[in-house]
Structures are given as structure tokens and as C-alpha cells.
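Here is the structure we will look at.
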Amino acid sequence: MSRLVLGIDEAGRGPALGAMVIAAVALDPAAAARARRAGVADSKSFGAGAEAHEKRLALYEVVRANAAWIAIDVCDVEVVDAYVARGALNELERERATAFIRAAPACRRIIADGRKLFRPMCAEFPHLEARDRAESYHVAVAAASICAKVRRDELFACIAARYAEEFGLVAGGGYVNAATRAFARAYVRRHGVLPPEARHSWPWQGVRTGKRPQPRA
């Protein structure tokens, strides 16, 4: 019988700018213990900024070295917008989680972060446990949160670098905050539309205008 535990978590569900990333990590008990001793924990517990990213990046390498299986899936802005348009963002996460489970090696437990979100999957996968704040209780879910967050941060860093010369520092991590709105307003003033990386299905508080531009080459 398999001793693996599969953890599933996401990063970037809430931001108005950039992709959402979902990850899954399978750990056996020994690997889980090593990861816990190394400091693998909920990615949000490390805070924000460059120092937090470096800590998560180091732990990501620990996860890579110890996991039996890892998968990371990037849901681009257009995909997120299409699902949100029909009120189905939870459905998107469940679809990607289902694909992970079917592709992963056999696991004795599957633990997904979000009781209401993932509970509908329990009928198909009886060994799935849907739990709120699961990354705080299960190291496999914490490992998945680390993997998802590192990839999400890397993708946002690409966005920030893309616009640095034209707009200066793009701060705020893409979340709905003053820094993200300031960047969006500056972009709209100059180009007349939101940037390609903006989620049009999110509330932009008056800065939305025009159609989605085509992604830059």
C-alpha cells in the first residue's frame, strides 16, 4: 500500500494582475519529516518581499530534493477570466486538482486546501480530505503552497521587469491594493487599455477602459 500523501494548494487566486498557480506535492512519511525539519510551512507565513521569496525559494529546493512527485500548473489570465465570467473559478481549481490526482502516483491520502472548494471531489476520490488552512496542518500541502507561491512570484517578477523601464517599480504583487491600482492607472493613461496581464473580471475601480490588448511578443 502506498505511503504517499498528496497535498494540493494554490497561489494567486486573489490578485488582479497575473496568473493563478496550482501545485501538488507527494511526500512519503520520511520525506515529510525532513521537509518539516527544514522549515517547510505555509508559504504565507514567510511574509512578502525579496527576503521572503529567498526563504521560499530555498525551501522549494528542499521540496524538490525530497518529494516523490511534484506538479505545477499555471492558469493564465485569459483562463481565469473565462471561468470567472461564468462564476466557475472553483470549478477551474477542481479541474486542475483532478488532473493532478489522476497523473500522480498512487497515494494513501489526498489533502486539498479549501473545505468548501474541494469537498465536491470527495465523491470521486474517497481518500481526499478537503480542509481549510490545510497548509498549516499538513506538510505536503505546505510544500505545495511553497511550490505554487515561488512560481507565482517568478511570474510576477517577469511582469514587473517587463514594465520597469516604462513605469518604474511595479509593486503590490498584483493584488488589489494601492500600488497595483497606481500601475494600472498609469498604464491606462498611456495606452488607453489595461495591460495584457490584468484580469478583466476583477473590479478595477474606474481604471478599466477599452478591450484587452494582445500579449506582447
Item to check | Answer from A134, A123, A82 - the residue that is surrounded by fewer than 21 Cβ atoms within 10 Å (Cβ to Cβ) and more than 23 Å from G174 (Cβ to Cβ) | outcome: A123
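Residue by residue, here is whether (1) part of a helix (DSSP H, G or I); (2) under 19 Å from C158 (Cβ atoms); (3) out of contact with any His (no Cβ under 7 Å at 6 or more places or on another chain); (4) open to solvent by less than 50 Å² (accessible area, probe 1.4 Å) holds:
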| site | (1), (2), (3), (4) |
| --- | --- |
| A30 | yes, no, yes, no |
| A35 | yes, no, yes, yes |
| A41 | no, no, yes, yes |
| H53 | yes, yes, yes, yes |
Checklist entry - Does S2 fit the bill of being polar (S, T, N, Q) and assigned to a helix (DSSP H, G or I)? => result no
Item to check | Residues (touching a strand residue (DSSP E or B) at 6+ places or on another chain (Cβ under 9 Å), hydrophobic (A, V, I, L, M, F, W, C) and assigned to a loop (DSSP other than H, G, I, E, B)) located in segment 96-123 | outcome: A104, C107
Checklist outcome for this item: Within segment 59-78, residues loosely packed, with under 15 Cβ neighbours inside 10 Å and aliphatic (A, V, I, L, M) come out as A65
Checklist entry - Do we have V188 as more than 23 Å from G49 (Cβ to Cβ), not small (G, A, S) and not in a helix (DSSP H, G or I) here? => result no
Checklist outcome for this item: Pairs returned, first residue in segment 170-191 that is within 18 Å of E154 (Cβ to Cβ) and of a type outside the set (K, R), second residue that is outside any helix (DSSP H, G or I) and at pLDDT below 90, beta-carbon separation under 9 angstrom, 6 or more apart or interchain, are G173/A48
Next on the checklist: So V141 passes all but one of these: (1) in a loop (DSSP other than H, G, I, E, B); (2) in contact with a helix residue (DSSP H, G or I) (Cβ under 8 Å, 6 or more places away or on another chain). Which condition number does it fail?
Outcome noted: (1)
Checklist outcome for this item: Per the list (1) under 17 Å from the mean Cα position of the chain (by Cα); (2) of a type outside the set (S, T, N, Q); (3) open to solvent by 50 Å² or more (accessible area, probe 1.4 Å), residue check on R162 breaks on (1)
Checklist entry - What pairs come up if the first residue lies in segment 37-60 and is free of Cβ contacts under 8 Å to residues at least 12 places away in the same chain, the second is of a type in the set (A, V, I, L, M) and open to solvent by less than 30 Å² (accessible area, probe 1.4 Å), and their beta carbons are under 7 Å apart, counting only those six or more places apart or on different chains? => result F46/A52
Next on the checklist: Just the residues that are open to solvent by less than 30 Å² (accessible area, probe 1.4 Å), closer than 21 Å to D81 by Cα and out of contact with any strand residue (DSSP E or B) (no Cβ under 7 Å at 6 or more places or on another chain), please, taken from segment 173-198.
Outcome noted: G173, F183, Y187, V188, V193, L194, P195, P196
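The values are calculated or read from the model by the stated rules, or taken from the named source; none is laboratory data. Small disclaimer: the values here were computed from a predicted structure and weren't measured. All Cβ positions, even for glycine, are placed from backbone atoms using ideal geometry, and neighbour counts span all protein chains on display. Areas reflect the complete protein model, heavy atoms only, side chains present, ligands, DNA and RNA absent. Shrake-Rupley method; radii C 1.70, N 1.55, O 1.52, S 1.80 Å.
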